[in-house]
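As structure tokens, the structure follows; a few thoughts come after it.
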Amino acid sequence: MKRILLLLTILALLAVSVAMVSAQDCADELGCVVLESDDPVTIAYMLALSGAVAPYGEDSKGAIEIAVDDRGGMILDREIELVAEDELCSAEGGQAAAQKVAADDMIVAVIGTTCSGAATGALPIISEAGLLMISPANTSPFLTSPDTENNGVWQPGYYRTGHNDLIQGRIAAEYAFNELGLTKLATIHDGDAYTDGLQQAMADAFAALGGEVVFQGAVNKGDTDMTAILTEVAASGAQVLYFPLFEPEGPFIASQVGTTDGLDELILFGADGLFTNTFAPSAGERAAGMYMSSPRVTGERYDELLQKWEDKFGGTPPSGFHAHAYDATNMLLDAIEAVAVANDDGTVVIGRQALRDALTNTVNFDGITGGLTCTEYGDCATGEALAIYQLSEAQVAGEWPPAVVWSPADAE
């Protein structure tokens, strides 16, 4: 028995010795993930997976799983292991999810978050841990801005395949002003990095075109009675209301517009935060005719992704960023393959800074959403995969998705 225990101790010490040698071979300034011969490649995703915002997270989660399936669940001759964390679409939720991820030194990288607000809580922790985070759906301009005096929160290691809302806000403004002929704009946000950043981007672009921003107001997350702020919108004389909110606040705004005096002719305009198959049924009849700015992806490869979704999950994706999640996953997996070093002892070493550098240096990645080239601050999307949609009675009845009525290419 003593000999067996001695043998087991020697084997354990040899394993530790091999790991130490591999770690010592790591010259990466942020350190390395050292995988033993039977270790999987572990990737975490931090997405909005519960509550009213769950469709957004499920939309990305499904595409991540499809991208992994496309590689047979393998990379570097190892299984890909996915670790799920719910970021709850809040700064606090993002912080809590990031703390769990950062505590596991075998996690190679992170896909997420879904919500920009969650990213503001997660990013400092993820960056400090030397991890990389690539988001399919964050769109707030603040996240890729290093200008801290003007709300910039960029941290090293952050990337996204979702568009920057400076682009989305401009496209929404161009449609409202140039195509619909509207000249008076009101906006509502909820203080979130996404909602505030996008309404301001829309307002700035609308004013630059010659329009008048007659009202900018805010509600609180969790508000249900929108009467007071909608009365202010009515008093402002606005022709169009842009409210890039989430559920459930967005449906409350839309439904209560129909019961507020003076708003019978008001045009409603939302954004990708409300672009889900649950919004219009929740909002009711006043959602019919409403416009939304949101991702639009076309082409044979996108059609193949939709077919894979139907085969795996049934139906269609519930929101608009599944193609971006598919691209983010493949960009990350390609980067891991590019920087991983296989040793003669069967270990694989992945440098954390090397992995960041691989994404930073990505040029014209052939994604479903277009050619993706990353800037030094992590913006990888061009914004070409955006359009304006209009909801109809069919969406109120539960049909999805709505029809595209305009895209930037239409104006060229």
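A short reminder: the numbers here are calculations on the coordinates, not readings from a lab. Being a predicted model, the structure only gives us computed values, none of them experimental. We place every Cβ from the backbone using ideal geometry, glycine too, and count neighbours over all the protein chains shown.
Of note:
- Under 27 Å from the Cα of Lys100 - lysines, other chains or at least 8 residues apart: Lys61, Lys221
- Across the chain, the mean sequence separation of Cα contacts (distance under 8 Å, 6 or more residues apart), normalised by length, yields a relative contact order of 18 percent.
- Computed over region 122-204, relative contact order equals 30 percent, with contacts defined as Cα pairs under 8 Å that lie 6+ residues apart.
- Only helices enter this figure: runs of n ≥ 4 DSSP H residues, each worth -39500 (n - 2.57), summed and divided by the residues of the chain, yield -12000 deg cm²/dmol at 222 nm to the nearest 500.
- Region 247-352: relative contact order as a whole-number percent, Cα under 8 Å and 6+ apart: 21
- Prolate/oblate/rounded label for region 30-137 (Cα gyration tensor, a/c 1.5): oblate
- Other residues whose C-beta falls under 9 angstrom from the C-beta of Ser140 contribute a net charge of -3, scoring Lys and Arg +1 and Asp and Glu -1.
- Estimated inter-spin distance, Val404 and Asp25, nm [label 7 Å along Cα→Cβ]: 4.9
- The ranking of Phe321, Phe279, Phe246 from fewest to most other beta carbons within 10 Å of each one's beta carbon is Phe246, Phe279, Phe321.
- Set of region 29-65 residues, backbone N closer than 12 Å to the point 7 Å along the Cα-Cβ line of Asp77: 37-38
- Ranked by how many other Cβ atoms sit within 10 Å of their own Cβ, fewest first, the residues Phe313, Phe142, Phe275, Phe243 fall in the order Phe313, Phe142, Phe275, Phe243.
- Net charge, Asn361 excluded, C-beta distance under 13 Å - Lys, Arg +1, Asp, Glu -1: -2
- Each Lys or Arg adds one and each Asp or Glu subtracts one; over the other residues with Cβ under 11 Å from the Cβ of Phe275, this totals -2.
- Surface/4 of the Cα convex hull for region 236-277, nm²: 3.0
- With Cα atoms, 0 to 90° folded angle of helix 193-209 axis to the chain main axis: 50
- For Thr259, Thr347, the sequence from fewest to most other C-beta atoms within 10 Å is Thr259, Thr347.
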